[in-house]
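The values are calculated or read from the model by the stated rules, or taken from the named source; none is laboratory data. None of the values given here were measured: they were computed from a predicted structure. No Cβ is skipped: glycine too gets one built from the backbone with ideal geometry, and neighbour counts run over all protein chains shown.
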Amino acid sequence: MIKIGLILGIAGACRTDELVNLTVDDIEDVGSSLIVKIPNTKTKIPRIFVVTHVGNMLELFRKYLSLRPPHVKHKRLFLYYKAGKCSSQPVGKNTMGKIPSVVASYLILPDVACYTGHCLRRSSATLLADAGVDITTIKRHAGWKSTTVAEGYVENYIENKTKIANQVLVGTTTSAITKTVNVSESNIPSNNNLENCTNVTFNLNVNK
């Protein structure tokens, strides 16, 4: 459940409640990719995003879906997962929001309380800005109406690049704000009790 939450959350710049409300009918497996629909959003702007065949992401999704008990009456995608099995109980917003902090804790990263559900959405937008994507595309991808919000990620990108230039040219030191998370096939704990803050970005690499 945690790996799928990370993949979909970053691929689609998803809010926590958007992940919680995803249903199996919102995701279409077309073989080479997943087409994911977010029909109900905070800004009332429906979104569609795609998860492509990068690494083993599609295999992880299909494996998780295959564990879904046949007797589940609701359509919610995310179910509680433990000991290699899924229950019929859907995952709530609090559990979904703790996924980044659980991963950070498992990987023994510093400041694990700073990894909140929002960092999945933040990471998606920041990765686009780092790739040089224009503001209009970032707004459309994340479903933002405000250009100011999207511009914030571009400004962060320019600030980071300036700090890197200073390191190269004049030896100025700075602390990194981007954490690279390599999620292995090992089981990641499903529960964690951590307080929240927001300024953390994931650069997600899901390895088999």
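In the stretch 61-79, what residues are part of a helix (DSSP H, G or I) and within 17 Å of ASP26 (Cα to Cα)?
PHE61, ARG62, TYR64, LEU65, SER66, listed by residue number.
Failed condition for GLU59, given (1) at pLDDT 85 or above; (2) in contact with a helix residue (DSSP H, G or I) (Cβ under 6 Å, 6 or more places away or on another chain); (3) of a type in the set (Asp, Glu), with all others met?
(2)
For the stretch 128-155, how many residues meet the condition of being part of a helix (DSSP H, G or I), in contact with a Ser or Thr (Cβ under 8 Å, 6 or more places away or on another chain), within 24 Å of GLY97 (Cβ to Cβ) and at pLDDT 80 or above?
The qualifying residues number 4.
Any residue that is β-branched (Val, Ile, Thr) and either touching a helix residue (DSSP H, G or I) at 6+ places or on another chain (Cβ under 6 Å) or surrounded by 18 or more Cβ atoms within 10 Å (Cβ to Cβ) (or both) - is there at least one of those in the stretch 23-33?
Taking every residue of the stretch 23-33 in turn, none turns out to be β-branched (Val, Ile, Thr) and either touching a helix residue (DSSP H, G or I) at 6+ places or on another chain (Cβ under 6 Å) or surrounded by 18 or more Cβ atoms within 10 Å (Cβ to Cβ) (or both).
Determine if the stretch 21-35 includes at least one residue that is assigned to a helix (DSSP H, G or I) and either among the hydrophobic types (A, V, I, L, M, F, W, C) or under 27 Å from ALA129 (Cβ atoms) (or both).
Yes: one or more hits.
Considering only residues that are hydroxyl-bearing (Ser, Thr, Tyr) and over 18 Å from the mean Cα position of the chain (by Cα), which ones fall in the stretch 47-79?
Answer for the stretch 47-79, where residues must be hydroxyl-bearing (Ser, Thr, Tyr) and over 18 Å from the mean Cα position of the chain (by Cα): just SER66.
Before we move on, is LEU67 touching a Lys or Arg at 6+ places or on another chain (Cβ under 8 Å), closer than 12 Å to ILE4 by Cβ and surrounded by fewer than 16 Cβ atoms within 10 Å (Cβ to Cβ)?
The answer is yes for LEU67.
For residues that are crowded, with 18+ Cβ neighbours inside 10 Å, of a type in the set (Ser, Thr, Tyr) and more than 18 Å from ALA13 (Cβ to Cβ), scanning just the stretch 101-121, find the one that is nearest to the chain's Cα centre (by Cα).
SER101
Any residue in the stretch 74-100 that is surrounded by 19 or more Cβ atoms within 10 Å (Cβ to Cβ) sitting within a Cβ distance under 8 Å of a residue that is among the acidic types (Asp, Glu)? List the pairs, counting only those 6 or more apart or interchain.
LEU77/ASP26
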